[in-house]
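I have placed the structure first, in the form of structure tokens, so that the comments after it can refer back to it.
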Amino acid sequence: MSRKIYEDILEEQIFVTTEDGISLALLIKRPKSDQKFPVLMTYTPYRVSTGLGGVDLLDFAKYGYATVIFDVRGTGDSSGISDSVYSDGERSDGLFMIDWASKQSWSDGKVGLWGISYGAIISLQMAAKAPLALKAIIARSGSDDPFAEWTNIGGTPRNYIYESYSPFMSARNFAPPSAKLWGEQWRQVWRERLEGNTPWGISFLNEIEDSQFWRDRAARGELDQITCPVFVVEGWSDWYSNPMLRIFAKLKGEKRALIGPWGHQWPNNALPGPRIDWHSQALGWWDRWLKDENIDLGAPLTIYVEKYRKPSNFIEDSPGYFITGSQWPIEDTKEQKYSLKLSEMNLDLKAEDFQSKDLINKIAIPYSPKAGSFSGKVGGGPFRYNVLKPLDQRLESERSITLLGALAKTKVLIVGNPKARLYLSSDSDIGQVSVSLIDQAPDGSQSLLARGFINIAYAGYPTESPAALTPGKIYKVDLELVALAYQLDPGHRIGIKIGAADFQMSWPAAHPFELTLYSSAKYPSTITIPYLSLPANDDGVTIKVLVGDKAPELPAVSYRLTEDLASNEIGYQFESKSVFANAGQLRVNSIEPGYAEITARSIYTEENGSDQIRIEADCTTASDPMEIWHKVEIVATVNGDEYFKKSFSTKRMRRVF
């Protein structure tokens, strides 16, 4: 369809004062016209001036939208302080600004929120509060449960938070506001920030268990309060397909979901490809719900079915095709439950044939801190682009058990969430388990298709509080793996790998333990696989795949697995020249894994007026078998001279991990 293009765009930077006196720094782009326009808005802690956090939406001004992005209080060019992620003040500001935007002279009263990652979560938070002016949102790659699906996956601290995100945010959150915007006041605002801000890693570690802190920041319990249309967007190479699809399934109002092969980027600039004409998809959504135009948005659900490719740490384009549906799980999905036949180490559609109901098959799964070394680092890792895809899973065979299914005789589609039900005991007061769904190709190579990880203490989350395990007690553990859409070809076979760690993703255990997996009439361990009937539906696919476009350039990065046989130390070292500009390492004692340490450094530099600003954030997160602690040192220099220096630290008991 043809759209009117507004060539004359007005750009302005202004301050808006909140009810408690904070000056929020806004960047606005809108058509230079006396007309009133719908407002597209987002906000970010990533500093608008650096081009991060949603500035893409500013391009939509030419299509007849007023576009607004602002820095979260205590960050970027806004005043105030920031002491934690998604703070109470920040969430209050979000609601205040939706109302403000709806009442401006250039606004027609309708507001849409959008964002990727952080911006997706704040869009869901605001939608759950149902402000009258909020008419639609687009949430790309976020979660309605930041604790369980971002900072503490499966109930165990996520390495990425301490090796990458915390140092990155520490450096940026202590950087000054713009001297150009603030004039002579900029040093005063900066001094308030330097004295008042707290590195976010401090609250991450303070809230290392589920708490009211996280419940206040989660939309999971409020999805039924969302009334505006919601468009969720995700990629199989990212980490948040489960929450995005769960949100889509639970919403009662107008909704749409788009899942491609992508990592943690917008679909027009993502790896792996194919990339799509994302702006036309977004514009169609906004025009439908903010301009009331009669636009066919296509099927409610569009997902990309991936096909086999050899395991590789980097994939530029993922082979596959888009299909459609109207719900999740998708129509015509049938689940098949496989018994874990431990006597033959295979998956069987028939239950294990026990000669006696008292006979129990079992197998030991010893904890190895190295388990998961080759399973990839999803959700971005310490880099902007996901360049650490899973390798051949045969490399994990020494540290896990493998059960294989029968050869596929015909093409089948696996679409949905695999679900494992495992009966497990631990010989200790702690225990954790990782389950991976694999495709074993005719050449024997094994591709990781989906994975799941859980700290068994959190098996009852979110309705039950975590508690230390009783050694020897058999627990029923239900684990939902990350969703997938995958074509299994003839001659291939599915399988699962079960281990007791996820080295790339999760903090090492306090001490070694041994799991026992049971399979019997009394303890029927199973894996349930969702299959989609063929042929799959492709009616209503409105996605335009880009052909011949240039793939995004990868930043210079390095990532090395390390092992020192003399000191019994394993780990990894990383350095990124991307926007994260961070470096660090993980070191773990392979004999006593409770002794672990992540050291990481992030540096932020900028020219602010006539001054050269440099912020160094050095973070150390370390543990012993009883405690875990986090330390941050912030050093700010102006023109090479030290201007500010401050240290922060906190410590918590390791109760259940």
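The values are calculated or read from the model by the stated rules, or taken from the named source; none is laboratory data. What you see is a predicted model, and the numbers here were worked out from it, not measured in a lab. FYI the Cβ positions are ideal-geometry reconstructions off the backbone, even for glycines, and counts take in every protein chain you see. The protein model used for the area step is the full one, side chains on, heavy atoms only, and it has no ligands, DNA or RNA in it. Shrake-Rupley method; radii C 1.70, N 1.55, O 1.52, S 1.80 Å.
Tabulated values for the structure
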{"quantity": "Value at 222 nm in deg cm²/dmol, rounded to 500, when DSSP H runs of n ≥ 4 in the chain each add -39,500 (n - 2.57)", "calculated": "-3500 deg cm²/dmol"}
{"quantity": "For segment 228-272 and segment 502-559, distance of Cα centres in Å", "calculated": "15"}
{"quantity": "Surface share of carbon and sulfur [accessible, 1.4 angstrom probe, percent] for the chain", "calculated": "47"}
{"quantity": "Flagged links, alpha-carbon separation over 25 Å, of 411/497; 337/411; 255/291; 389/419; 255/550; 377/497", "calculated": "255/550"}
{"quantity": "Efficiency of FRET between residue 7 and residue 105 - r from beta-carbon atoms, R0 22 angstrom, step 0.05", "calculated": "0.55"}
{"quantity": "Residue 544 paired with residue 32, simple spin-label distance in nm, labels 7 Å along Cα-to-beta-carbon", "calculated": "2.9"}
{"quantity": "The chain, accessible area per residue, ligands and nucleic acids excluded (1.4 Å, Å²)", "calculated": "38"}
{"quantity": "Difference of contour (0.36 nm per residue) and Cα-Cα distance, residue 607 to residue 321", "calculated": "98.4 nm"}
{"quantity": "Percent of alpha-carbon pairs separated by more than 16 Å within segment 82-187", "calculated": "69"}
{"quantity": "Within segment 59-82: backbone nitrogen closer than 17 Å to the residue 19 label point (7 Å, Cα to C-beta)", "calculated": "73"}
{"quantity": "Paramagnetic reach from residue 489 (point 7 Å along Cα→Cβ, amide N under 14 Å) across segment 259-286", "calculated": "none"}
{"quantity": "Sites matching GluC sites (Glu not before Pro) across segment 533-591 that sit in DSSP coil, with at most 11 neighbouring C-beta atoms within 10 Å", "calculated": "553"}
{"quantity": "Sequence ranges 184-192, 317-325, 140-148, ranked by mean other-Cβ count within 10 angstrom, highest first", "calculated": "140-148, 317-325, 184-192"}
{"quantity": "Spin-label pair residue 407/residue 639, simplified geometry with 7 Å Cα→Cβ offset, distance in nm", "calculated": "7.6"}
{"quantity": "Full-extension gain in nm, residue 566 to residue 184, via 0.36 nm per residue minus C-alpha separation", "calculated": "131.8 nm"}
{"quantity": "Additional length obtainable on full extension of the chain from residue 648 to residue 254, 0.36 nm per residue less Cα span", "calculated": "137.3 nm"}
{"quantity": "In degrees, nearest ten, helix 186-196 long axis to first principal axis of the chain (Cα)", "calculated": "30"}
{"quantity": "Distance histogram in 10 Å bins (all Cα pairs of the chain, percent per bin)", "calculated": "3, 16, 26, 27, 18, 8, 2, 0, 0"}
{"quantity": "Modelled FRET efficiency - R0 51 Å, residue 534 with residue 206, Cβ distances, 0.05 increments", "calculated": "0.50"}
{"quantity": "Whole-angstrom gap from segment 641-657 to segment 601-628, using each part's C-alpha centre", "calculated": "11"}
{"quantity": "For segment 217-264, projected area of the alpha-carbon convex hull averaged over all directions, nm²", "calculated": "3.4"}
{"quantity": "Cα pair count fraction exceeding 29 Å, expressed as % - segment 458-612", "calculated": "54"}
{"quantity": "For segment 539-657: span of alpha carbons on each principal axis (Å, largest first)", "calculated": "53, 52, 32"}
{"quantity": "Shape of segment 155-230, Cα gyration tensor, a/c cut at 1.5", "calculated": "oblate"}
